[in-house]
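Here the structure is laid out as structure tokens; the discussion comes afterwards.
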Amino acid sequence: MFDDNKIEDTIKIEPFWEIVPAIEFQDVCLAYDDKIVLDHIDLSVRRGECKIILGRSGGGKSTIIRLILGLLKPDSGRVLVDGEDITDYTEVEMMPIRQKIGMVFQEGALFDSISVYENVAYRLREQERDEAEIDREVRRMLEFVDLADAVDKMPIELSGGMRRRVGIARALIGDPSIVLFDEPTAGLDPPTARTMCELAIKLRDLQDVSSIFVTHEMNNVTNLCSEYATVSEKGEVHFEKEGDKLCLINTEVLMMRNGQIIFNGTDEQLQASDNQYVKRFIKGER
Amino acid sequence: MLAFIVTFTERFQLVSPKGLMNPFIRFVSELQEVSLLIWRAFVSLFSKPRYFSETIRQMDMIGVGSLPIVLLTGFFTGGVLVLQAFPTLQYYSIQNEAGHSVATSLIRELGPVLCALMVSGRIGAAISAELGSMVVSQQIDAMRALGTDPIRRLVVPRITSLVLLLPLLTVACDILGLIGGGVVASTIYNQDYHVFATSVRVGITTSDLVSGLIKPIFFGLIIGSVGCHKGLSTSGGTAGVGRSTTDAVVIASIWVIIFDFFLSKALQYLLDLGQL
């Protein structure tokens, strides 16, 4: 009755061990003159995973993000995005790769001369999308970051937290499969910083987005590693603590020091680490 | 090229341990970077995407925005030329040639150069400060991250606008200069206005006009490329923006004056401008 070979041809289920990571670094090194910024870095971000990169300022955290976007090139090693080796890509070749990636900058990096609406619409305008679609998507994203009222404001009129949230809306428009957060909570008050983490959790749990969250604040690690988002029957988003019912496996912590990875694992493993530097960092000591 | 110079200077010990040749190497390196920027901007003209609305916005800022200072510069330069030249011409009894003298000086030299210097001060500084601020606030990185080439989006519209509009501003400057000269000749030296106008009409040639229109094209290219290069290579926060802005104006002004000499010589040869 059925042709088994035909079924094999049409249905191809990728075995889990062959799933290509969203981001992969293979023995990446980078130095500015004599200063080593990244020293033989190997890392991998699975699909739907949130990788928190932790470390002091100047430890090479943001450089990793710039390498993924192709804003910098490594001195040696390979950088892969969605299985595609982008190490030697030119600026033109990087453009389609960047369409898959959303980037949230430290200070928002909004374009000062255009409104919030135009900032968020920027990527879709570059892709010459239909005006009605742009309008729909911009309003959807601004609602996602709870800034629907700020649509006609100029960036200069926004507070620091609002600028970051507009930055997130701009990064998320076009539904990128990878989102990079470069210290999005730096300099923000704790409630606004928590809002940033909640946005990252929503992306991770509800939209299956792979992300890298660069930070030096342990509060963010606690929030991201211990909470998950669910949607109620009414469509409302709720945040719940992991516990007996569920243990989060889609968030990992990676700690960097002087361009090297000194820890890679879950937050529980981080708390139990014997490394003296890690212990001091967690306690906030020098 | 740079590698060759470095090797050459090392081999022949032109570089002291303290790096006395650094300014020279830096100059060659910057020249190379500006040339590459111009080339990339030129190549970008022939493929999509093109940013026409941004080009129009820049034209408005560069053209309409610079018009008042250019007109004022032209009017008073024409006036002062007559003010200084008229007594000498009168001494030799050739005061009727005042219009000719002013027109030649203005259209060949002073109009293009002064207009370029004024635009360099206003627009070169503005371009460098704007792009520099965008660099230090990560807006350029954000632009690249969103899939836009900053050369196409920012550099091409600015250089294009300057190359197209500086000749037009120069024409406006020349016209106001001639009017200024005429006003001074008629009001201070009581020369009949028709005598001045006839002297201008008879004095200027097509070669003068062509020469006066070719120079601003190159000056526009210099101001735009130096301003964009300095802006995009800004580093060191807000203090760096200040440094880039100053450098952009100083370097563009010096290059305008140096280029003017070589362009004048080339145009003298090509358009036979050697004789009055």
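Quick one: Cα convex hull volume of region B:66-164, Å³ per residue?
Convex hull volume per residue, Cα atoms: 93 Å³.
Residue by residue along A:101-111, Cβ atoms of other protein chains within 10 Å of the local Cβ number 4 on average.
Evaluate region B:165-276: find the radius of gyration of its Cα atoms, find its Kirkwood radius, and give the ratio Rg to Rh.
Details: Rg = 18.9 Å, Rh = 16.7 Å.
Across region B:165-276, the Cα-based Rg/Rh ratio is 1.13.
Less than 5 angstrom separates the built amide H of A:ILE262 from those of A:MET255, A:MET256, A:ARG257, all sequence-distant by 5 or more or on a different chain. Highest GNM mean-square fluctuation among A:ASP135, A:ASP208, A:ASP33, for chain A modelled with Cα contacts below 10 Å: A:ASP33. Over region A:24-92, the pair-distance histogram of Cα-Cα distances with 5 Å bins from zero comes to 4, 15, 28, 27, 16, 7, 1, 0 percent, rounded to whole numbers.
Please compute, for peptide B:147-153, the average count of beta-carbon atoms on other protein chains lying within 10 Å of each residue's beta-carbon. It would help to have the intermediate numbers written out before the result.
Numbers: counts 13, 6, 5, 1, 1, 0, 1.
Partner Cβ neighbours, averaged per residue: 4.
Taking a straight Cα-Cα cut-off under 23 Å and skipping sequence neighbours fewer than 8 places away in the same chain, the lysines within cross-link reach of A:LYS241 are A:LYS51, A:LYS202, A:LYS283. Across the options B:PHE218, A:ALA193, A:ASN223, the greatest Cα extent toward the positive end of the charge dipole of the protein assembly as shown (unit charges at beta carbon of Lys, Arg, Asp, Glu) belongs to B:PHE218. Pairs of Cα atoms nearer than 8 Å and 6+ residues apart set the relative contact order; for chain B it is 29 percent. A Cβ-based charge dipole, computed about the Cα centre of chain A with Lys and Arg at +1 and Asp and Glu at -1, lands at about 1040 debye. Exceedance of the 24 Å cut-off in Cα-Cα distance is limited, within the set A:LYS35/A:LYS100; A:LYS61/B:LYS230; A:LYS61/A:LYS279, to A:LYS35/A:LYS100; A:LYS61/B:LYS230.
For region B:50-271, the fraction of C-alpha pairs more than 22 angstrom apart is 55%.
At 30 angstrom or more along the helix axis (alpha-carbon based) and mean Kyte-Doolittle of -0.5 or higher, what helices does chain B contain? Whole DSSP H runs only. Working shown, then result.
Details: long enough: B:22-44 (33 Å, 0.67); B:65-91 (42 Å, 1.26); B:156-187 (46 Å, 1.70); B:206-232 (40 Å, 1.06); B:237-271 (47 Å, 1.11).
What comes out of the filter, once short or polar helices are dropped, is B:22-44, B:65-91, B:156-187, B:206-232, B:237-271.
Close amide H partners of A:GLY102, meaning residues 5 or more places away or on another chain with modelled amide H under 5 Å apart, are A:ILE178, A:VAL179, A:LEU180.
About the Cα centre of region B:50-271, what is the dipole size in debye to 20, counting +1 per Lys and Arg Cβ and -1 per Asp and Glu Cβ, all else neutral? List each step's numbers first, then the result.
Values: 13 positive and 12 negative charges, 102 e Å.
Approximately 500 debye in magnitude.
With both labels modelled 7 Å from their Cα along Cα-to-Cβ, the B:ILE217 to B:PHE262 distance reads 1.7 nm. Dipole size of the protein assembly as shown about its Cα centre, with +1 on Lys/Arg Cβ and -1 on Asp/Glu Cβ: approximately 1900 debye, rounded to the nearest 20.
Above 29 Å lies some portion of the pair distances; for the protein assembly as shown, what is it as a whole percent of all C-alpha pairs? Let's see the in-between values first.
Working: 101195 of 157641 pairs.
Here the tail beyond 29 Å accounts for 64 percent of pairs.
Its residue count N fixes a reference of 2.2 N^0.38 Å for chain A, and the Cα radius of gyration divided by that reference is 1.06.
Aspartates and glutamates near B:LYS48 by alpha-carbon distance under 12 Å, same-chain residues fewer than 8 away left out - which ones? Within the straight-line limit of under 12 Å, B:LYS48 reaches these aspartates and glutamates: A:GLU126, A:GLU128, B:ASP149.
What distance in nm separates the two pseudo spin-label positions at B:GLU30 and A:ALA132, each 7 Å out from Cα along the beta-carbon direction? Roughly 5.4 nm, to one decimal.
Taking 7 Å steps out from each Cα toward its Cβ at B:LEU271 and B:THR88 produces label points 2.2 nm apart.
Where a number appears in this text, it was derived from the coordinates with a stated rule and is not lab data. Small disclaimer: the values here were computed from a predicted structure and weren't measured. Cβ coordinates were reconstructed from backbone atoms using ideal geometry, including for glycine residues, and neighbour counts include every protein chain displayed.
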